[in-house]
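Structure first, then comments.
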Amino acid sequence: MKISGSEILIESLKKEGVRHIFGYPGGVVLNIFDFLHDEKELQLILTRHEQGAVHAADGYARATGKAGVALVTSGPGATNTVTGIATAAMDSIPLVVISGQVPTMLIGNDAFQEADIVGITRPCTKYNFLIKDVSELARTIKEAFHIATTGRPGPVLVDLPKDVTTSKAEFIWPEQIKLRSYNPTYEGNRHMINQAAHMISKAKKPLIIAGGGVIASGASKELRELAELTDVPVTMTLMGLGGFPGSHKLSLGMLGMHGTYYANKAVQDADLLIAIGMRFDDRVTGKIDAFAPNARIIHIDIDPTSIRKNVRVDVPIVGDVKRVLTVMNKVIREEVKEQWSEVRKAWSKQLEAWKKERPMTYDRDADIIKPQYVIEKIYELTGGNAIIATEVGQNQMWAAQFFKYDKPRTWLSSGGLGTMGYGFPAAIGAQLAFPDKLVIDIAGDGSIQMNIQELATAVINKLPVKVAILNNRFLGMVRQWQELFFHERYSHTKLDEIIPDFVKLAEAYNAVGLRATKKSEVEPVLKEAFRIKRTVFMDFVIDWTEKVYPMVPAGAAIDQMLFPEEKKKPEKKLKAVK
Amino acid sequence: MRHTISVLVENKFGVLSRISGLFSGRGYNIESLSVGETTDANISVMTIVTVGDDWIIEQITKQLNKLIDVIKVIDMTELDHVEREMVMIKVSPRQEDKAEVLRIAEIFRGRIVDSGAKTYTIEVTGEEKKIEAIVELLRPMGIKEFVRTGKIAMAREGIKKS
Ligand SMILES: Cc1ncc(C[n+]2csc(CCOP(=O)(O)OP(=O)(O)O)c2C)c(N)n1
């Protein structure tokens, strides 16, 4: 029996196991939306902006590990997805974005609401398709999911002209597909793995850097096994948080521009770096020529282009992190003699000394609300048992520094693109996937206004997302740079002339609004928010002068960190030297 | 260093722009690019001449391989291979130089593919050096137009293709 393209699309999505899609209607997708009206198994979540739909699909994907799906109309609907797609591409998140397109006959004619979205998204998708015939539809959807979720995951866009959604064809679902030109390497080279295992066993000062690849490949268990087996400390990139338990005694927390003192020191002093599923982004390496001067580098990644792109590598291993680590752990257990316990004593002592020298801290005695205090309270009250999404800026860095992520897929943050407005819709997506979990978006007063319209989406779908706004009345991270590097000239970063009353704003959307202006109110507000099973905005009026430390200035080596007192009171430091 | 890279790709809509987008997006140079079908109508071969140090060439090859539509990437420069390029040169010599133009064309095994009252159009095929040499010799005679195809390359026998 022949069915329409719209039905084929819906059936294909169901075959892929999709239960939720995020979307927004428009002219050329009317047919699809009409079929969704009676659809029972496949639920469309109407967001209030297409960017929100893509970020929600992204949050859904990060929290579940499955591909997130978005459906939008042509032209402006499609162009509104670009930031969301680029965000997912930079962080290797599997998405399938379906955009409507003008009828095939009109393509290229500057038709009403036509945009060359395939051309526009070519550099920010893993792959994209324009379907020209309904007979290709089912196979293309299958291929889209296959490409999005395998190898190094990423977003795939499928552009679907209106006439394809109405034309009819048999629904033939290909159970198997093979793309001759797409064959990711999963198994690591055995010889390289052996070599790496031996290097690890002999190293005096080894350090693991874990990135988002650990989470993408589901390798947390294997990573933990490797670290514990060989007693190697672990630091994580922003994307790697949760890949290794933050509360583990071998964890050094995050490294890089706002990494911990001890993680950055360890990188610079290490004699062996085991880089796992990460790509040596400049926020991680700092000044590249000065990065890890004493270390040999083992680099495991599924994407060959990540290897030797930014740093020299001594042992490259292309493969899926989970499979490579499984083999490596086996080699270490069975073939490599334990040689490390003695030689590494000095190293663990050194790490402990650095931890003591400069622990992660802030002014805990302040009366005013310190943002770090809010994060620590969230950690304490949830016992770490929550999914945390973030916006971008200081809020994101504090959330990375002061909350310990013990499990993968509990940290949703735009790392590569740094997209303000990501966190709230992403939290909505995650909450939809896990209705019973506590999902919290840690936000800034600037970022939250970038996708604040999604309050409607959260409330209507009864998603009890909590938004903790660290309200400093500034575009805080930019202000921090202006304070430190631009003589405190706060050019266009001061928001307080018109900052909405977030409590009233939440109430206007039929959500709950709470506010804390004193330190003593923080805990009660959080407790109340966690108790209520509704969407809650919490407005924490924090100390606007607070900055994110440590901080590696742009272009400096990563152990050249700034700390609060050095900037504020240099004379004190001089005295101490005398 | 200059490298000649052969890329076998799916003969699909948009592939050329994926390849050229990769080069422009990452700031790599393309010196020349030629595209044509293979004996399999579903596969095209692109020959790309690019310049870069070993790091860049390694990245270019890896990035090309990563593109979904790319079936195979061969850096010809690492293999024993044959390269050819074709040019057409339209010269408009003075009366006294006409014989010399024809003589040069002959030495380079060029063919006169068009001749008019004032001009000769010469077609020459060969390696880059040969082409550069004939261009140098013809330049004083008055080159009016000049088109080259870009390089194509093929590995010598004994080196397996796909
Ligand atoms: C879409 C977008 N525009 C601009 C920026 C640049 N930017 C980075 S952080 C930041 C300030 C964020 O302010 P806010 O959300 O209030 O967070 P805070 O830093 O104060 O915690 C800006 C403007 C960005 N990352 N994303």
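How many percent of DSSP beta bridges within the protein assembly as shown run antiparallel, rounded to 5? Expressed as a percentage, antiparallel bridges in the protein assembly as shown total about 40. For the range A:197-271, the list of trypsin sites (Lys or Arg not before Pro) that fall in a loop by DSSP and count at most 12 other C-beta atoms within 10 angstrom reads A:249. Taking every alpha-carbon pair under 8 Å whose residues sit at least 6 apart, chain A reaches a relative contact order of 14 percent. Remark: mean inter-chain Cβ contacts per residue of B:55-68 equal 4, using a 10 Å Cβ-Cβ cutoff to other protein chain atoms. When nucleic acids and ligands are ignored and a 1.4 Å probe is applied, residue A:62 ends up with an accessible area of around 10 Å².
Label separation (residue A:544 vs residue A:172): 6.6 nm, computed from points 7 Å beyond Cα along the C-beta direction. Summing Lys, Arg as +1 and Asp, Glu as -1, what charge do residues with Cβ under 11 Å from the Cβ of residue A:362 carry, residue A:362 excluded? Its environment carries a net charge of -2. Leaving ligands and nucleic acids aside, the A/B contact buries around 1800 square angstrom of accessible area in total at a 1.4 Å probe radius.
Just the protein heavy atoms count here, and of the accessible area of the range A:422-502 at 1.4 Å, carbon and sulfur take up 58 percent.
With 26 Å as the limit on Cα-Cα distance, the pairs of A:377/A:407; A:162/B:62; A:287/A:547; A:40/A:466; A:349/A:377 that go past it are A:162/B:62; A:40/A:466; A:349/A:377. For chain B, the longest principal axis of the Cα atoms and the long axis of helix B:54-66 meet at an angle of about 70 degrees. Between 0 and 90 degrees, the angle of helix B:128-142 with respect to the longest Cα principal axis of chain B falls at about 30 degrees.
Calculate, for the range A:1-144, the solvent-accessible area per residue in square angstrom, rolling a 1.4 angstrom probe over the heavy atoms of the protein chains.
Dividing the accessible area of the range A:1-144 by its residue count gives 37 Å².
Within straight-line reach of residue B:118, meaning a Cα separation under 15 Å, sit the following aspartates and glutamates at least 8 residues removed in sequence or on another chain: B:96, B:97, B:100, B:145.
In a DSSP loop and with at most 12 other Cβ atoms within 10 Å, there are no chymotrypsin sites (Phe, Trp or Tyr not before Pro) in the range B:42-132. Counting only DSSP H runs of at least 4 residues, each contributing -39500 (n - 2.57), and dividing by the residue count of the protein assembly as shown, the helix-based mean residue ellipticity at 222 nm comes to -10500 deg cm²/dmol. Each semi-axis of the equivalent ellipsoid for the protein assembly as shown is √(5λ) with λ an eigenvalue of the Cα gyration tensor; in descending order they amount to 50, 35, 26 Å. Computed on protein heavy atoms with a 1.4 Å probe, the accessible areas place A:342, B:85 in the order A:342, B:85, largest first. When you filter the GluC sites (Glu not before Pro) in the range A:1-69 for DSSP loop state and at most 10 other Cβ atoms inside 10 Å of their Cβ, you are left with A:41. Length available on full extension from residue B:20 to residue B:77: 0.36 nm per residue minus the Cα-Cα distance, which gives 18.5 nm. Using a cutoff of 8 angstrom between alpha carbon atoms and counting only pairs six or more residues apart, the relative contact order for the range A:35-94 works out to 35 percent.
Taking the square root of 5 times each eigenvalue of the Cα gyration tensor, what semi-axes in Å does the equivalent ellipsoid of the range B:59-162 have, largest first? Walk me through the intermediate numbers first.
On the way: eigenvalues 270, 40, 23 Å².
They are 37, 14, 11 Å, listed from largest to smallest.
The GNM of chain B, with springs linking C-alpha atoms under 10 angstrom apart, assigns the highest mean-square fluctuation among B:104, B:74, B:131 to B:104.
Under the criterion of Cα pairs below 8 Å and six or more residues apart, the relative contact order for the range B:37-162 equals 33 percent. Scaling the Cα radius of gyration of the range A:202-291 by the globular reference 2.2 N^0.38 Å produces a ratio of 0.97.
The values are calculated or read from the model by the stated rules, or taken from the named source; none is laboratory data. As the structure is a prediction and not an experimental result, all values here were calculated from the model. Cβ sites come from the backbone with ideal geometry, for glycine too, and all protein chains shown count toward neighbours. Each accessible area value is taken on the protein alone, full model and side chains, heavy atoms only, with ligands, DNA and RNA left out. Shrake-Rupley method; radii C 1.70, N 1.55, O 1.52, S 1.80 Å.
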